[in-house]
1. Give the residues of segment 137-146 that are touching a residue at least 12 places away in the same chain (Cβ under 8 Å) and surrounded by fewer than 18 Cβ atoms within 10 Å (Cβ to Cβ), sorted by residue number.
2. Only residues that are surrounded by fewer than 20 Cβ atoms within 10 Å (Cβ to Cβ) and among the aliphatic types (A, V, I, L, M): list them for segment 147-158, please.
3. Being out of contact with any Asp or Glu (no Cβ under 8 Å at 6 or more places or on another chain) and charged (D, E, K, R) is the filter; apply it to segment 5-55 and report the residue that is surrounded by the fewest Cβ atoms within 10 Å (Cβ to Cβ).
4. Quick one: how many residues across segment 116-135 are within 16 Å of the ligand (Cβ to nearest atom) and either more than 14 Å from the chain's Cα centre (by Cα) or closer than 21 Å to residue 168 by Cα (or both)?
5. For residue 173, indicate whether it is over 16 Å from residue 13 (Cα atoms) and surrounded by fewer than 18 Cβ atoms within 10 Å (Cβ to Cβ).
6. So, of the residues in segment 1-33 that are more than 22 Å from the chain's Cα centre (by Cα) and in contact (Cβ under 8 Å) with a residue 40 or more places away in the chain, which turns out to be farthest from the ligand (Cβ to nearest atom)?
7. From the list 158, 205, pick out the single residue that is touching a helix residue (DSSP H, G or I) at 6+ places or on another chain (Cβ under 8 Å) and closer than 17 Å to residue 13 by Cβ.
Amino acid sequence: RTLGLATSDLALMAPAQIASAIQQRAAAQGYHLVIAMANPDNAPQDTVNELLAQRVDALLINLPLDATQAAQIQQQCDNKPVLFLDVERSAEVAQCQYQSESGAQQAVDHLVALGHRQIGVLNGPESSASARARFAAWQQALAAHQLKPFCVLSGDWSAASGYQALQARLPNTLPQALLVANDQMALGAMRALHQHGVKIPAEISLIGYDDTAESAWYQPPLTTVRQDLQQLGAVSVDRLLAQLEGDDVAEKTLETELVLRETTA
Ligand code: IPT
């Protein structure tokens with residue numbers, strides 16, 4: 001009895017921690033897990049094919065996909081149960097994902113309550129539906145306070161890209177606060193700010209997204225929007241196993257929440 005996981009690059013913290021949680025839960029339920037990792041030269045379908053070639057019984061897909069790609073993969077898997085973890089919400093496929101709205105709203109409300117009006121964003125890659133959903137949720141939360149993003153920077157999820165985005169911005173006025181689409185980019189952003197002597201949180205507040213295991217160990221410890229990656233792994237395995245047993249699985253939305261640490265003031 002074997003489950004397959006098609007995943008984004010495991011050099012990234014969040015997918016690695018999700019895979020770890022999935023592996024643990026699968027083992028606890030008596031399933032073997034086979035992992036296939038996306039590679040920049042392959043289409044998502046190729047990654048899924050690697051799993052199908054190994055005769056997995058059901059599949060978890062943690063690849064950033066739009067609705068069309070997800071529908072294609074669903075077809076490709078024939079009638080095997082498939083559950084998507086990083087897909088455009090409008091896709092008509094089984095999904096197990098965190099919704100961005102609650103956490104984004106708590107993050108913006110927190111910054112506004114601290115008196116900040118100039119709030120910038122450092123977004124993830126435009127090609128990712130999750131990055132687009134986070135940006136939309138921030139915009140909506142800012143609009144509720146009659147605000148627009150003070151500046152829009154972007155990166156590719158890596159710490160290096162967060163560093164570069166801030167380096168490029170630093171000659172110009174910084175916002176009072178920055179919403180960052182993941183904790184890894186926040187790590188790089190913090191290094192760039194530190195190198196330029198900009199004090200966090202006295203001169204700029206930062207809020208990340210994910211709450212990876214390392215985020216409490218940043219200096220200062222990172223305030224962030226938490227997606228409980230452990231829970232995501234466990235819930236997605238349980239749901240996939242229910243699909244495998246033929247149960248009609250209800251859509252379950254997982255809620256994000258703001259975790260206050262020391263990067264906002
Ligand atoms: C998403 C992470 O939040 C982000 O930090 C990045 O690692 C991305 O994955 C990589 O694809 S989590 C995903 C389940 C939406």
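1. 140, 144, 145 - these are the residues of segment 137-146 that are touching a residue at least 12 places away in the same chain (Cβ under 8 Å) and surrounded by fewer than 18 Cβ atoms within 10 Å (Cβ to Cβ).
2. Those that are surrounded by fewer than 20 Cβ atoms within 10 Å (Cβ to Cβ) and among the aliphatic types (A, V, I, L, M): 147, 152.
3. 41
4. First, pick out the residues of segment 116-135 that are within 16 Å of the ligand (Cβ to nearest atom): 121-135.
Narrowing further to those that are either more than 14 Å from the chain's Cα centre (by Cα) or closer than 21 Å to residue 168 by Cα (or both): 121-126, 131, 135.
Here the count works out to 8.
5. On the way: over 16 Å from residue 13 (Cα atoms): yes; surrounded by fewer than 18 Cβ atoms within 10 Å (Cβ to Cβ): yes.
Against the criterion (over 16 Å from residue 13 (Cα atoms) and surrounded by fewer than 18 Cβ atoms within 10 Å (Cβ to Cβ)), residue 173 qualifies.
6. 1
7. 158
Okay, residues lined up against (1) out of contact with any strand residue (DSSP E or B) (no Cβ under 6 Å at 6 or more places or on another chain); (2) small (Gly, Ala, Ser); (3) more than 28 Å from residue 129 (Cβ to Cβ):
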site	(1), (2), (3)
144	yes, yes, no
148	yes, no, no
161	yes, yes, no
184	yes, no, no
192	yes, yes, no
198	yes, no, yes
210	yes, no, no
213	yes, yes, no
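Any read-out appearing in this document is the output of simple, stated calculations on the displayed coordinates, not a laboratory observation. For clarity, every value in this text was computed on a predicted model and none was experimentally measured. Cβ coordinates were reconstructed from backbone atoms using ideal geometry, including for glycine residues, and neighbour counts include every protein chain displayed.
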